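No lab work stands behind these numbers, since they all come straight from the coordinates. What you are looking at is a predicted structure, and each value in this text was computed from that prediction instead of being measured. Cβ placement follows ideal geometry from the backbone for every residue including glycine, while neighbour counts extend to all protein chains displayed.
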Amino acid sequence: MINQVEVKNVYKNFGDVKAVDGVSLEISQGQFFSLLGPSGCGKTTLLRLIAGFEMPNSGDILIDNKSMDGIAPNLRPTNMVFQNYAIFPHLNVAENVAYGLRKKRLSKDEKLEMINKSLELVGLSGLNNRSSNALSGGQKQRVALARALILKPKVLLLDEPLSALDKKLREQMQSELRHLQRVVGITFILVTHDQEEALTMSDKVAVMFDGKVEQIASPRELYERPSSKRVASFIGTMNFIDAIGSKSGEKIKVENRILGKFELPQNQVSGNHVNNKLTLGIRPELISINPRKSKSADFIEGEIEEISYLGETTYYKIICGKDIEPLNVLTQNSFGQMNYKVGEKVKLNIDKDNIVGFSG
Amino acid sequence: MKFTFNNDTKKGWRLLSIPFIFSLLLLAAPLTMMFLLSFWTQDYLTLDKTFTFKNYIEAATQPVYKLLFTRSLIISLTATFFTVLLAFPMAYFISFHGGERKALWLFLITIPFWTSYLIRMFLWKVILGYNGVLNSFLIWLEMITEPLTFLLYNANAVVLALTHGWAPFAILPIFVSLEKIDRSLLEASTDLGDSAIDQFFRIILPLSAPGVIGAALIIFIPTVGDYITPKLVGGTDGLMIANMIQVQFSKANNAPLAAALSVSSLMIVSFISIVFVLFNRKYLRRY
Ligand SMILES: Nc1ncnc2c1ncn2[C@@H]1O[C@H](COP(=O)(O)OP(=O)(O)O)[C@@H](O)[C@H]1O
Ligand SMILES: [Mg+2]
């Protein structure tokens with residue numbers, strides 16, 4: 001695949017704050033790429049570095065193998081959808097959408113056709129003459145998208161574009177954005193602090209903490225094989241259990257009081273020194289309650305401490321002994337299924353094949 | 001349904017009544033008297049109270065009044081133009097490059113107000129006069145041998161002095177309108193391909209138009225009727241309509257004519273101001 005955007009060892013400081021602290025990443029053409037991380041981790045700064053609104057202290061950014069060093073934002077092949085949309089209040093919808101077309105030598109009819117096409121693309125057909133102050137948040141969002149896409153940028157940058165929308169609309173816009181990206185085939189770089197958003201929309205996600213990229217992976221890999229405890233707990237819920245680990249050929253031997261002895265493939269354990277201390281990560285859905293058939297030796301005894309019914313699923317907190325944190329367990333609900341009560345003793349079975357380990 | 005005042009309305013009226021009576025006494029009453037006076041005539045020491053348009057006809061037909069009206073408008077509009085033109089870059093600088101010192105810059109702008117307007121205007125005489133600062137300096141530089149006489153006592157001097165005297169009044173409203181511009185709009189315009197100049201004309205200027213038009217009105221309205229500045233630095237060529245009104249009220253002892261000139265002046269200024277405001281409305285229709 002062709003690299004469309006390449007960030008090479010980029011640093012950006014604001015005074016003492018290391019906003020971007022040595023980031024390198026490659027984004028291929030046509031990819032939906034997300035920058036995910038908690039607030040203040042440097043996502044926006046990285047996006048603005050790519051757009052050209054900030055200059056790196058060191059390192060380089062390449063778009064289509066061309067260094068962007070010293071190239072002003074108005075001359076870069078990127079366009080941005082701002083967090084607050086930045087719709088020009090003195091211009092109507094069509095004038096906003098056509099804003100960037102002025103320099104292109106186009107006839108009035110060609111322009112109108114392009115405006116109509118991009119409004120159609122974002123689902124705002126016929127709103128050409130609407131005043132920009134009469135738009136709802138979702139509509140402003142669409143105008144901002146149309147305004148950027150009409151210029152056919154090589155890369156579209158989106159800074160938390162959905163964070164100001166309510167939940168229903170946000171979910172709808174997520175799938176629309178994803179669809180739009182497939183239709184136009186432009187590389188999208190999305191900044192978000194919402195892990196669900198990043199997972200549902202992206203081809204690839206870079207998880208950032210404190211100005212550094214911690215892991216770059218597909219959503220599935222990120223969820224199933226997080227490379228660190230931080231990533232694991234930022235994305236979804238993860239049960240952490242301390243264990244003893246040792247190398248044994250291609251496998252890692254693991255030992256724990258309640259889980260017993262078992263082996264994990266090397267690629268499921270991250271970190272270098274696997275000797276002795278190891279933290280195991282178990283997703284809540286890998287644990288099942290009172291399974292019909294399983295080898296009796298594999299059961300763990302527990303007591304339900306807390307139940308949260310969420311409709312499609314139920315969350316349980318189950319105590320399995322004094323020396324470990326209560327386990328989070330997630331079950332899919334089906335009609336007529338067995339109900340458990342708080343305080344009830346249950347037997348748990350863990351799918352050990354998908355446990356991950358973190359060392360060091 | 002019976003129309004009744006509820007408590008809040010009553011309270012509101014009570015609160016309003018004092019300023020209302022105040023402005024009625026101090027603003028509406030004199031204006032009404034002036035208006036009435038303009039339709040009477042002065043007959044040496046007595047006031048002839050028969051209704052007549054005589055004063056207005058005189059104001060409209062006598063060439064001297066026409067000249068003074070035109071000159072007042074030209075001086076005031078020119079001063080307004082230059083004040084706004086000079087104030088804009090200053091307001092722009094404070095708003096966009098003031099950093100953390102914006103408050104300090106605004107404070108510095110108000111410093112001229114610490115001295116009276118009269119003194120500031122008088123100082124222009126010291127600067128522009130025959131033996132004034134500017135002439136002495138130019139002679140010292142040996143650029144001229146004789147003092148320049150065209151500096152003071154003409155319409156240009158009035159424009160110059162007004163432009164200086166009213167600058168802060170223009171800077172503040174323009175500054176406020178520039179402050180209100182969402183900075184992400186500027187980044188969006190750059191992102192969409194605008195150069196700095198494009199951005200100025202496509203975003204900054206239209207969005208600061210309310211401040212610019214407000215500033216223009218704030219300066220235009222009072223300067224048309226100014227009489228201190230022309231009296232101090234205007235000579236005979238720089239006299240304005242207010243100087244004539246003053247003369248008619250005092251030395252010429254023709255208060256009705258003075259009143260008619262005042263009312264005419266008021267009408268003209270109102271008309272031009274309304275044009276300004278309508279232009280503003282039209283421009284800002286989309287807000
Ligand atoms: N213009 C700036 N001046 C000073 N500090 C900044 C500036 N922009 C960002 N920062 C700091 O850099 C860090 C990263 O900010 P940002 O990239 O906005 O984070 P995120 O978008 O991930 O929430 C934060 O600590 C923030 O306070
Ligand atoms: Mg941000």
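Data overview
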| quantity | calculated |
| --- | --- |
| From phi via Karplus (6.51, -1.76, 1.60), per-residue ³J(HN,Hα) for the range A:338-354 in Hz, x at Gly/Pro | 4, 9, 9, 10, 4, x, 6, 7, 10, 10, 10, 10, 10, 6, 6, 5, 10 |
| Rg/Rh (Cα only; Kirkwood hydrodynamic radius) as it applies to the range A:26-157 | 0.99 |
| The range B:256-265 - phi-based ³J(HN,Hα) in whole Hz, Karplus 6.51/-1.76/1.60, Gly and Pro as x | x, 5, 4, 5, 4, 5, 4, 4, 4, 4 |
| The protein assembly as shown, Rg to Rh (Cα coordinates; Rh as Kirkwood inverse mean 1/r) | 1.18 |
| The range A:1-62 versus the range B:207-230: alpha-carbon centroid distance in Å | 49 Å |
| Semi-axes of the equivalent ellipsoid for chain A, Cα gyration tensor, largest first, Å | 46, 26, 15 |
| DSSP bridge pairs, the range A:3-230: antiparallel proportion in percent, nearest 5 | 55 percent |
| Other protein chain Cβ atoms within 10 Å, averaged over every residue that makes up A:98-104 | 4 |
| Residues with amide H under 5 Å from that of A:Lys212, placed H, sequence gap 5 or more | A:Asp21 |
| Packing-based exposure ordering (other Cβ within 10 Å, fewest first) of A:Met80, A:Met173 | A:Met173, A:Met80 |
| Net charge of Cβ neighbours under 13 Å - reference A:Ser28; Lys, Arg +1; Asp, Glu -1 | -2 |
| In Hz, Karplus ³J(HN,Hα) per residue of the range A:137-146 (6.51, -1.76, 1.60; θ = phi - 60°; x = Gly, Pro) | x, x, 5, 4, 3, 5, 4, 4, 5, 4 |
| Residues of type lysines that B:Lys54 reaches as a straight line, Cα spacing below 29 Å, ignoring anything fewer than 8 places off in the same chain | B:Lys66, B:Lys231, B:Lys251 |
| For residues of A:79-88, the mean tally of beta carbons on other chains within 10 Å | 5 |
| The range B:1-77 and the range A:145-174: distance between their alpha carbon centers, rounded to Å | 58 Å |
| Peptides A:231-244, A:256-269 ordered by average Cβ neighbours within 10 Å, highest first | A:231-244, A:256-269 |
| Alpha-carbon Rg/Rh ratio, for the range A:215-345, with Rh computed the Kirkwood way | 0.98 |
| Modelled FRET efficiency - R0 45 Å, B:Phe93 with B:Lys66, Cβ distances, 0.05 increments | 0.65 |
| Distance violations [Cα-Cα > 24 Å] among A:Lys212/A:Lys253; A:Lys140/B:Lys180; A:Lys108/B:Lys180; A:Lys8/A:Lys104; A:Lys104/A:Lys154; A:Lys317/A:Lys347 | A:Lys212/A:Lys253; A:Lys108/B:Lys180; A:Lys8/A:Lys104 |
| Neighbouring partner chain Cβ atoms per residue of A:71-78, average, 10 Å criterion | 3 |
| Sequence of B:Ser76, A:Ser359, A:Ser39 once ranked by neighbouring C-beta atoms within 10 Å, starting from the fewest | A:Ser39, A:Ser359, B:Ser76 |
